[in-house]
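The values are calculated or read from the model by the stated rules, or taken from the named source; none is laboratory data. On a predicted model such as this, the values are computed, not experimentally measured, just so you know. Here the Cβ positions follow ideal geometry from the backbone for every residue, glycine too, while neighbour counts run over all protein chains shown. Just so you know, the surface numbers come from the protein's heavy atoms only, side chains and all, with ligands and any DNA or RNA stripped out. Shrake-Rupley method; radii C 1.70, N 1.55, O 1.52, S 1.80 Å.
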Amino acid sequence: MNDDPQASDSTQARSRAAHAAHEALRRLADSMRDASIERLLHDEPARGERLVVEAAGLHADFTRHRLPLPALDALLALARTLEVEQRRDAMFAGEPVNFTERRPALHVALRRPAPAAGDADPIAADVAQTLARMSAFGDAVRDGRWTGATGRRIDAVVHVGIGGSHLGPQLACEALAHDADARLECRFLSNVDPDALRRATEGLDPATTLAIVASKSWHTTETARNAAAMRRWYAHGGIAGDALRRHFVAVTSNVDAALAFGLAGESIFPMRDWVGGRYSMWSAIGLPILLKIGSRAFREMLDGAHAMDRHFREAPPARNMPLLMALVSLWNRLALDGGSEVVVPYSDALRSLVAYLQQLQMESNGKRIGRDGRPVAWETAPPVWGSTGTDAQHSFFQALHQGTNVHPVDFIVVVPERDDEERRGIALLANALAQVEALARGRRAGDDALAAHRGTPGNRPSTVLLLDRLDARRFGALIALYEHKTATLGWLWDIDSFDQWGVELGKVLAAEIEPLLAPSGDVPASRSPPTVEPLIRWIRKRLDDRDARPGAPRGA
Ligand code: F6P
């Protein structure tokens, strides 16, 4: 398929078709604004068959949305018009679906089964080779064959990286900690806030700590500075020069820069430019996950994601979990006047899922220009927010139940493997289902003067994702589900889900503003001052006052 962004005739024609289809859908959504979840559940007995799907160990229930089945048919027709299946196949085939950067997005290749002997696919061979290196290294660290420079066993890992080079590994290490090696602690250092370094290293012994510097580009200033700060932390602990090679490894596609940082070639794990940062936890970026859970469980995580990949490729559109999830999301964008998407895992192990999904969905689809180079005429990525249940019930759920805006919720509910004497696991499940019910049904609260305050309107949509347990396989499938939902929405919205030009400007400006915070950093007269100049002056004054005090020189 032709993915040239320089609007060819066929791209133009596709964009016109997309606009017509979206406009028709918008009119349909307008005509169905009074849809009632309760009534639909009663009047459409086929909902249970059409809007409930099982795949790769996950059970997804989309029945409680204000989505009448005729609208679902219209959404499936939109997916055909927008050639979602062809675009999906193009992604799996390694075509340049990242059309603004003319690159494939081949994260799915990272979780294919190991290639058979004689398989000539160079990507499969490259993936297998890197995974074998990661596994050999991870196993050696875990069983104590790889030691620190003083011969002591490694008992902690500090993973230095940000964005896609941080969020997936942190999420997975937390999610799968119950199956992990408790002797190895994994910490994460992403922010350049000096406090973050202190927290990441507090109580750790440099002699038994391994640092992983993860940066696809090796140009990310936060990661570069944190890596330098970690090197200084080791030096304070007496580990420097060649000894550092037992304590520092890197993951990057910029191998030369990692070599220039002083790392040995065998300590550098490559990642390829056909893996996007926010889709990269399956690559060598996942090294801390492998260290934490072991190479066998890491393989199971890949297998779970691959099972979801196969479902996404092979299930017919009407039974396809990621496609249905994307269609429901798109419909809510139309039928609920924008709004946002809320994610509430009823699982403490998934406490970092929301942060992960914010990057995945908003960095992927927070775009406004279509494939034809023109602004699209529809709203794209909704804001994503949330936190774990039941805590969230005691903070923002009030607004979900009675607020003026309607925000659809993804409830992620994990059946606990065992319970305790207080039956807290069952209480967690009961609470999740109670919230689903309360949002869908609401409640009249009598006829007295306060009834209007006490009653909840209901008809508030939610998706329920059920997992019968949270193991590496199901976790992999869950993340792959959201990845494919995100990519599918990008195709439906006709945007590029795999680039992130919008974050570049901030990086450029940070480099320009930093010198202005220095004592001699006046804005040159020839330059129009930035809008933040008054803020710079305010901060400069405080920095100058601070530096005038004894004992705290700037840059310490
Ligand atoms: O935030 C922008 C971004 O480019 C993300 O897409 C990426 O995951 C992150 O920065 C980190 O990039 P790198 O791995 O190159 O350090």
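When Arg14 is tested against (1) farther than 26 Å from His407 by Cβ; (2) under 26 Å from the mean Cα position of the chain (by Cα); (3) open to solvent by 20 Å² or more (accessible area, probe 1.4 Å), only condition (2) is not met. Within the bounds of the stretch 322-334, is there any residue that is at pLDDT below 95, away from the ligand (no atom under 16 Å from the Cβ), in a helix (DSSP H, G or I) and not polar (S, T, N, Q)? Checked against the condition, which is being at pLDDT below 95, away from the ligand (no atom under 16 Å from the Cβ), in a helix (DSSP H, G or I) and not polar (S, T, N, Q), the stretch 322-334 yields at least one hit. In the condition set (1) under 24 Å from Val464 (Cβ atoms); (2) of a type in the set (S, T, N, Q); (3) within 16 Å of the ligand (Cβ to nearest atom), Ser340 is compliant with all but (3). Among all residues of the stretch 104-125, there is none that is open to solvent by 70 Å² or more (accessible area, probe 1.4 Å), within 28 Å of Ser190 (Cα to Cα), in contact with a Phe, Trp or Tyr (Cβ under 9 Å, 6 or more places away or on another chain) and modelled with pLDDT of 95 or more.
Matching residues to (1) surrounded by 19 or more Cβ atoms within 10 Å (Cβ to Cβ); (2) closer than 30 Å to Pro122 by Cβ; (3) of a type in the set (Asp, Glu):
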site	(1), (2), (3)
Asp9	no, no, yes
His19	no, no, no
Ile37	yes, no, no
Val53	yes, no, no
Pro70	no, no, no
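Open to solvent by 40 Å² or more (accessible area, probe 1.4 Å), within 26 Å of His484 (Cα to Cα) and touching a helix residue (DSSP H, G or I) at 6+ places or on another chain (Cβ under 7 Å): is that true of Arg47 in this structure? The answer is no for Arg47.
Selection within the stretch 492-523: residues that are within 30 Å of Ala79 (Cα to Cα) and β-branched (Val, Ile, Thr). The member of this set that is modelled with the lowest pLDDT is Val503. Residues in the stretch 287-310 that are without any contact (Cβ under 8 Å) to a residue 24 or more places away in the chain and in contact with a strand residue (DSSP E or B) (Cβ under 7 Å, 6 or more places away or on another chain): none. Glu266 satisfies every condition listed in (1) at negative phi; (2) over 22 Å from the mean Cα position of the chain (by Cα); (3) outside any helix (DSSP H, G or I); (4) not small (Gly, Ala, Ser) except (3). Restricting the stretch 301-321 to residues that are open to solvent by 10 Å² or more (accessible area, probe 1.4 Å) and not in a helix (DSSP H, G or I) leaves a set whose member that is nearest to Ile479 (Cα to Cα) is Ala315. Taking the stretch 190-235 as the range and being loosely packed, with under 15 Cβ neighbours inside 10 Å, among the hydrophobic types (A, V, I, L, M, F, W, C) and within 16 Å of the ligand (Cβ to nearest atom) as the test, only Ala228 passes.
Report the residue count in the stretch 129-153 for those that are more than 17 Å from Ser295 (Cα to Cα) and surrounded by 19 or more Cβ atoms within 10 Å (Cβ to Cβ). If you could, list the steps in order and put the result at the bottom.
Pass one, the stretch 129-153, residues more than 17 Å from Ser295 (Cα to Cα): 147-153.
Subsequent filtering for residues that are surrounded by 19 or more Cβ atoms within 10 Å (Cβ to Cβ) retains 148.
Result for the stretch 129-153: 1.
Under the condition of being more than 14 Å from Ala355 (Cβ to Cβ) and away from the ligand (no atom under 15 Å from the Cβ), the residues counted in the stretch 154-187 number 17. Among residues of the stretch 498-512 that are part of a helix (DSSP H, G or I), those with a Cβ under 8 angstrom from a residue that is within 11 Å of the ligand (Cβ to nearest atom) and open to solvent by 70 Å² or more (accessible area, probe 1.4 Å), sequence gap 6+ or separate chain, pair up as Lys507/Thr221; Ala510/Thr221; Ala511/Thr221. Please work out if Lys507 is under 30 Å from Asp61 (Cα atoms) and of a type in the set (D, E, K, R). Judged against the criteria, Lys507 is not a match. Looking only at the stretch 257-282, residues that are among the acidic types (Asp, Glu) and either touching a Ser or Thr at 6+ places or on another chain (Cβ under 6 Å) or open to solvent by less than 10 Å² (accessible area, probe 1.4 Å) (or both) come to 1 in all. Here Val249 clears all of (1) within 13 Å of the ligand (Cβ to nearest atom); (2) in contact with a Ser or Thr (Cβ under 6 Å, 6 or more places away or on another chain); (3) under 24 Å from Ala297 (Cα atoms) except the condition numbered (1). Checked against (1) open to solvent by 50 Å² or more (accessible area, probe 1.4 Å); (2) more than 16 Å from the ligand (Cβ to nearest atom); (3) modelled with pLDDT of 95 or more, Pro534 meets all criteria but (3). Pairing each residue of the stretch 219-240 that is within 26 Å of Val503 (Cα to Cα) with any residue that is of a type in the set (D, E, K, R) and within 16 Å of the ligand (Cβ to nearest atom), provided the two are 6+ apart or on different chains, yields C-beta distances under 8 Å for Thr221/Lys507.
Pairing residues of the stretch 472-483 that are touching a residue at least 40 places away in the same chain (Cβ under 8 Å) and charged (D, E, K, R) with residues that are surrounded by fewer than 22 Cβ atoms within 10 Å (Cβ to Cβ) and assigned to a helix (DSSP H, G or I), at Cβ distances under 8 Å and at least 6 apart in sequence or on separate chains, gives Arg473/Glu300; Arg473/Asp303; Arg473/Ala307.
Among the numbered conditions (1) under 23 Å from Gln358 (Cα atoms); (2) in contact with a Gly (Cβ under 8 Å, 6 or more places away or on another chain); (3) of a type in the set (S, T, N, Q), the only one that Ser217 does not meet is (2). Scan the stretch 174-184 for residues that are open to solvent by 10 Å² or more (accessible area, probe 1.4 Å) and either at pLDDT 95 or above or within 21 Å of Ile268 (Cβ to Cβ) (or both) and the total you get is 1. Can you say whether Ala284 is within 16 Å of the ligand (Cβ to nearest atom), over 20 Å from Val108 (Cα atoms) and either touching a Pro at 6+ places or on another chain (Cβ under 7 Å) or in contact (Cβ under 8 Å) with a residue 40 or more places away in the chain (or both), as far as the supplied structure shows? Spelling it out, it is not the case that Ala284 is within 16 Å of the ligand (Cβ to nearest atom), over 20 Å from Val108 (Cα atoms) and either touching a Pro at 6+ places or on another chain (Cβ under 7 Å) or in contact (Cβ under 8 Å) with a residue 40 or more places away in the chain (or both).
Can you say whether Asp372 is more than 30 Å from Ala427 (Cα to Cα), at pLDDT below 95 and either open to solvent by 10 Å² or more (accessible area, probe 1.4 Å) or within 16 Å of the ligand (Cβ to nearest atom) (or both), as far as the supplied structure shows? Yes, satisfied. Looking only at residues in the stretch 350-361 that are among the hydrophobic types (A, V, I, L, M, F, W, C) and crowded, with 19+ Cβ neighbours inside 10 Å, which one is nearest to the ligand (Cβ to nearest atom)? My answer is Leu360.
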